1. Measure nothing fancy, just the Cα-based angle from helix 219-229's long axis to the longest principal axis of the chain, in degrees from 0 to 90, nearest 10.
2. Mind counting lysine pairs for me in the chain? Cα separation below 22 Å, and the two need to be 8 or more apart along the chain or on different chains.
3. Charges at C-beta only: +1 for Lys and Arg, -1 for Asp and Glu. How large is the resulting dipole of segment 185-239 about its Cα centre, in Debye rounded to 20?
4. Rounding to the nearest 20 debye, state how big the charge dipole of segment 1-138 is about its Cα centre with +1 on each Lys and Arg Cβ and -1 on each Asp and Glu Cβ.
5. Full extension from ARG168 to ASP206: what is 0.36 nm times the residue separation minus their Cα-Cα distance, to one decimal in nm?
6. Once the whole set of protein chains is in place, how much accessible area is left on HIS251, using a 1.4 Å probe, in Å² to the nearest 10?
7. On a 0 to 90 degree scale, rounded to 10, what angle separates helix 16-36 from the longest Cα axis of the chain?
8. Going by alpha carbons, how many degrees (0 to 90, nearest 10) lie between the helix axis of 80-93 and the longest principal axis of the chain?
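The values are calculated or read from the model by the stated rules, or taken from the named source; none is laboratory data. This structure is a prediction, so every number in the text was calculated from the model and none was measured. Counting neighbours? That spans all protein chains shown, and the Cβs are built from the backbone with ideal geometry, glycine included. The accessibility values were calculated without ligands, DNA or RNA, using every heavy atom of the protein model including side chains. Shrake-Rupley method; radii C 1.70, N 1.55, O 1.52, S 1.80 Å.
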Amino acid sequence: MLPPVWVAGRRLDPTAVFDTYWRFAAARQAVYLARLAGQPGPWTDDLILGRHRFTNCYRAADRVSQYLICQVCYAGEQAWEEVFFRTMLFKLFNRISTWQLLTEELDQPRWDGYCFATYNEVLSRAFAAGRRLYSAAYVMPSPHLGEDRKHSNHLRLIEMMMRSQVPRRLQEAGSMRCAFGVLRDLPGMGDFLAYQYLIDLNYSSDLDFDEMDFVVPGPGARDGIRKCFGPAADGIEAEVIRYMAEHQEEHFTRLGLSFAGLRGRRLQLIDCQNLFCEVDKYARLAHPTIAGLSGRTRIKQTYRTDPAPITAWFPPKWGINTEMDSAAAPARSMPSRVAEPTNQAPLQRAEQLLLG
């Protein structure tokens with residue numbers, strides 16, 4: 001029986017899944033590093049890890065996050081309004097092929113000169129042709145902003161963000177929690193998505209919140225926490241995630257596990273939150289008798305080799321990119337004056353919706 005841990009003044013008695021959390025993190029990071037080094041597979045003898053799809057330990061190392069950082073956030077003009085616009089346009093769909101469609105049709109998407117009718121026509125045509133526009137990873141519900149289609153309402157939402165000075169308000173927020181509140185107040189934006197989008201925006205050079213400042217547990221993380229600690233952890237999930245981040249070296253050492261981090265970068269709160277989601281899935285097969293909250297018993301996605309090369313270029317402010325990474329850094333252009341958008345009528349409508 002594992003010794004208890006104390007979190008937020010509450011005694012938690014870990015289950016077997018608690019140690020699995022640390023073993024999974026070490027094994028999954030080893031797979032990532034082996035693939036990054038170009039080693040031939042198989043990269044693990046763990047049957048569950050080898051057969052099923054799990055995200056990386058570090059959120060920023062995952063394929064979609066890497067694409068966002070390299071091809072969206074740091075590629076192109078670096079005026080903050082443009083970086084914000086590109087990031088939110090990408091993340092509301094969270095699908096690489098949708099971004100590629102927009103860049104093929106519209107070159108580099110820009111707020112300077114943005115036109116709702118043009119963007120909407122491109123997306124509507126693709127939707128009518130049966131093309132998937134959204135990722136299934138996490139889907140934002142459609143805000144009700146007067147349009148018939150979900151993608152059209154999301155374009156209106158971006159207009160609302162820009163018109164209501166969300167980029168400036170994020171920069172002026174005194175803390176990550178306050179910045180989270182700015183996004184949380186937007187239509188259709190729940191706690192989990194507001195936090196995830198803030199993490200994405202925080203990859204840029206224009207925001208510099210510490211990823212150890214604040215965390216919002218998602219549904220999958222709550223499931224994983226329940227499996228690690230039982231119902232005693234209900235209501236203190238954010239504190240549990242912080243405990244994991246602050247005590248990671250202690251538990252890797254206790255279990256004799258090798259975990260050097262991401263080029264020396266420790267697991268941050270967002271990474272520990274994500275690991276709970278992944279351990280929830282892993283435990284469905286490794287610990288089938290330990291129940292979570294959702295009642296799910298299967299892992300839906302199986303592992304399929306992606307032939308695309310792995311990139312490992314991270315926000316420069318982290319200071320973990322190598323010379324080889326820097327040589328392949330995305331091309332960036334100098335900031336220029338951001339002109340007023342040309343489609344004033346939809347923007348005025350969005351402002352009226354925001355202000356009630």
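1. Approximately 10 degrees, to the nearest 10.
2. Lysine pairs meeting the criterion: 5.
3. The calculation lands at about 420 debye.
4. 560 debye
5. So the extension gain works out to 12.7 nm.
6. In the full protein context, HIS251 sits at about 10 Å².
7. Compared with the principal axis, the helix lies near 60 degrees.
8. With rounding to tens, the tilt is 70 degrees.
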